[in-house]
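Novice: My questions all concern the structure below.
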Amino acid sequence: MPDRTDTDSRLVRASPDAVYRAFVDPRSLIAWLPPEGMSGRVLLFESREGGCYRIELRYETAAPTS
């Protein structure tokens, strides 16, 4: 596995409990995590200490080709 760290920062107007649930519930995570113009599907989700997740991201519309 690559030695990689990603970081991000946002101001969220929600309770700490709601933010926690948004990260540990796969349906909640996939509802907000994909970037605009993309949809996602959860492939693997281990909601535990040391767990991981794997998601598939897809563009909602195909880019035109020449």
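Novice: If you take the residues in region 11-38 that are hydrophobic (A, V, I, L, M, F, W, C) and outside any helix (DSSP H, G or I), which one is nearest to residue 54 (Cα to Cα)?
Specialist: As a first pass, look at region 11-38 and keep what is hydrophobic (A, V, I, L, M, F, W, C): 11-12, 14, 18-19, 22-24, 29-33, 38.
Then keep just the ones that are outside any helix (DSSP H, G or I); that gives 11-12, 14, 33, 38.
On the way: 11: 25, 12: 24, 14: 25, 33: 12, 38: 16 Å.
Ranking the qualifying residues of region 11-38, first place goes to 33.
Novice: Would a scan of region 20-39 turn up a residue that is touching a strand residue (DSSP E or B) at 6+ places or on another chain (Cβ under 8 Å) and among the small types (Gly, Ala, Ser)?
Specialist: Within region 20-39, one or more residues are touching a strand residue (DSSP E or B) at 6+ places or on another chain (Cβ under 8 Å) and among the small types (Gly, Ala, Ser).
Novice: Tell me which residues, restricted to region 10-47, are over 25 Å from residue 60 (Cα atoms) and of a type in the set (Ser, Thr, Tyr).
Specialist: Selection gives 15, 20, 47.
Novice: Quick one: is residue 44 hydrophobic (A, V, I, L, M, F, W, C), assigned to a strand (DSSP E or B) and loosely packed, with under 12 Cβ neighbours inside 10 Å? Spell out the reasoning first.
Specialist: Working: hydrophobic (A, V, I, L, M, F, W, C): yes; assigned to a strand (DSSP E or B): yes; loosely packed, with under 12 Cβ neighbours inside 10 Å: yes.
For residue 44, the condition - hydrophobic (A, V, I, L, M, F, W, C), assigned to a strand (DSSP E or B) and loosely packed, with under 12 Cβ neighbours inside 10 Å - is met.
Novice: Consider residue 7 against the criteria (1) among the hydroxyl-bearing types (Ser, Thr, Tyr); (2) surrounded by 10 or more Cβ atoms within 10 Å (Cβ to Cβ); (3) more than 11 Å from the chain's Cα centre (by Cα): it satisfies all of them except one. Which criterion is unmet?
Specialist: Unmet for residue 7, out of (1) among the hydroxyl-bearing types (Ser, Thr, Tyr); (2) surrounded by 10 or more Cβ atoms within 10 Å (Cβ to Cβ); (3) more than 11 Å from the chain's Cα centre (by Cα): (2).
Values quoted throughout were computed directly from the atomic coordinates according to the rules given, and no laboratory measurement underlies them. This one's a predicted model, so the numbers in the text were calculated from it and none came from an experiment. Cβ sites come from the backbone with ideal geometry, for glycine too, and all protein chains shown count toward neighbours.
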